[in-house]
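The values are calculated or read from the model by the stated rules, or taken from the named source; none is laboratory data. Owing to the predicted nature of the structure, the values given are computational and were not obtained by experimental measurement. Note that we place each Cβ from the backbone using ideal geometry, even for glycine, and neighbour counts take in every protein chain shown. Ligands, DNA and RNA are excluded from the accessible area calculation, which covers all protein heavy atoms including side chains. Shrake-Rupley method; radii C 1.70, N 1.55, O 1.52, S 1.80 Å.
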Amino acid sequence: MWNLSFAPPQVIQARVLTRLPEAFRKPRRNDWADANKPGEEIASFLEGPTFDREGRLYVCDIPYGRIFRISADLEWTLVAQYDGWPNGTALHRDGSLWIADYRRGLLKLDVSSGGDPIPILPHRNSESFRGVNDLTFDAHGCCYFTDQGQTGLHDPSGRVYRFSPSPPVEDRGGGRLELLVAGIPSPNGVVLGPTGRVLFIAVTRANQVWRCPILADGSLAKVGAFRTFFGTSGPDGMAVDVDHRLVVAHASLGGAFVLNARGEVTHFVKSPEGSTVTNVAYRPGTSRLVMTESETGTILEADLPGPGMTLFSHR
């Protein structure tokens, strides 16, 4: 019998790992900023941290369509810049970087050559997506992704899909697209549990994380609220480890919450600067967490109590 714990969470102070170099900061207004940060001039809005097999970190910059790679020596390289709003990334098993682009759907980037990403799934049949946000892969290479747009409690029409591609994916339309969950008020981050039998969705405007059991036939059942938060924004990107701990970035509370398998908050990872922590990722094979702090264009780092080793490198 498990005993419920009502102890306050332990606070872990994150530290600054690296910052977007000044050479890449040119604050100005743009269409994305006018819609999401009205009246502000912004230099960047970092999101989508993903590690490759060499331990290099990739992040995306939504308003300026940029994909950066950060080396072990903390050197920033602009891998790609294109006409789009990249919101989330995940490493495919073939080594390519898949991108959830708010304007252009699912894209694929060859990080070795750079250039413009290749469209994989720009729309559903002839219908445009509302604005895809985040993605993750299962052990079979199927891609789960959120279609958030500007949905919320006023318009709970966000969706979560599963895309099972058939090679070659460059052909667009080679594959099966399934609608898994509809009627969501702002689906944001998405991640699979370590067994692959549970899907977690960050539902930003409801300030909740939803837990979605996956049945043997691939369908979902008994979707429910796993954890409820508070704040002017809500849960954003997430990461999971083999101990069933779920780390949830919160975009208005200045950090990330660590939940155990029962949904209890055991730790809070606090940002040393800025309150807009948008996404998280484990450094592969460790319990070291990186976080994107989008307000200041900063990458943060923190060590969680071990072992907490990740199952997948991308989330």
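Length gained on full extension, ARG56 to GLN81: 7.2 nm, using 0.36 nm per residue less the C-alpha separation.
Over the range 48-89, the fraction of Cα-Cα pairs per 10 Å bin, rounded to whole percents and listed from the shortest bin up, is 33, 54, 14. Of the residues HIS154, HIS244, ranked by 1.4 Å probe accessible area with the largest first, the sequence reads HIS154, HIS244. Estimated at 0.36 nm per residue, the fully extended path between THR286 and ASP155 surpasses their Cα-Cα distance by 43.2 nm. Rounded, prolate or oblate for the chain? Axes are the square roots of the Cα gyration tensor eigenvalues, ordered a ≥ b ≥ c, and the cut-off for rounded is a/c under 1.5. Rounded, because the longest to shortest axis ratio a/c is under 1.5. Taking all protein chains into account, the per residue accessible area for the range 40-181 stands at 40 Å² (1.4 Å probe). Between the beta carbons of GLU127 and THR195, assuming R0 = 35 Å, the FRET efficiency works out to 0.60 to the nearest 0.05. Modelled spin labels at ALA72 and ALA216, positioned 7 Å past Cα toward Cβ, are 4.5 nm from each other.
Contact order for the chain, expressed relative to its length and based on alpha carbon pairs under 8 Å spaced 6+ residues apart, stands at 15 percent. Remark: the chain carries a charge dipole of roughly 540 debye about the Cα centre, counting +1 on each Lys and Arg Cβ and -1 on each Asp and Glu Cβ. Of all segments of the chain bounded by chymotrypsin sites (Phe, Trp or Tyr not before Pro) found in a DSSP loop with no more than 13 other C-beta atoms within 10 Å, the longest spans 7-229. Annotation: the antiparallel percentage among DSSP beta bridges lying fully within the chain is about 95. Accessible surface comparison of ARG159, ARG197, probe 1.4 Å, protein chains only, largest first: the order is ARG197, ARG159.
Taking 30 Å as the cut-off for C-alpha to C-alpha distance, list the pairs among LYS222/LYS270; LYS37/LYS222; LYS108/LYS270; LYS37/LYS108 that go past it. With Cα atoms farther than 30 Å apart: LYS222/LYS270; LYS37/LYS222; LYS108/LYS270. For the chain, with a Gaussian network of springs between Cα atoms less than 10 Å apart, report the residue from VAL160, VAL132, VAL277 with the top mean-square fluctuation. Among VAL160, VAL132, VAL277, the largest mean-square fluctuation in the Gaussian network model of the chain belongs to VAL160.
Within the listed set ASP303, ASP147, ASP217, the Gaussian network model of the chain (springs between alpha-carbon atoms below 10 Å) gives the highest mean-square fluctuation for ASP217. Relative contact order of the range 149-293: 14 percent, from C-alpha pairs under 8 Å at least 6 residues apart in sequence.
Tally up the carbon and sulfur contribution to the accessible surface of the range 94-178 as a whole percent, 1.4 Å probe, everything protein left in place. Reported share for carbon and sulfur atoms: 46 percent. Of all alpha-carbon pairs in the range 71-124, indicate the percentage at a distance above 12 angstrom. Pairs farther apart than 12 Å: 65 percent. When the chain is treated as a GNM with alpha-carbon contacts under 10 Å, the residue of ALA256, ALA302, ALA239 showing the greatest mean-square fluctuation is ALA302.
With the cut-off at under 20 Å, measuring from each backbone N in the range 242-256 to a point 7 Å along the Cα-to-Cβ line of ARG25 picks out 254-255.
Between ARG262 and ALA43, the contour length at 0.36 nm per residue exceeds the alpha carbon distance by 74.9 nm.
Site pair SER166 and GLU273 shows an inter-label distance of 5.2 nm when each label is modelled 7 Å from Cα along Cα→Cβ. Given VAL242, GLY65, ALA100, which one lies farthest toward the positive end of the charge dipole of the chain, if we put +1 on the Cβ of every Lys and Arg and -1 on the Cβ of every Asp and Glu? Toward the positive end, the furthest listed residue is VAL242.
Shape call for the range 201-286 from the C-alpha gyration tensor, a ≥ b ≥ c root eigenvalues: rounded (a/c under 1.5), prolate (a/b greater than b/c) or oblate? The shape class here is oblate.
For LYS26, the aspartates and glutamates whose Cα falls under 20 Å of its own Cα, not counting residues fewer than eight places away in the same chain, are ASP34, GLU40, GLU41, GLU47, ASP61, GLU75, ASP83, GLU293, GLU295.
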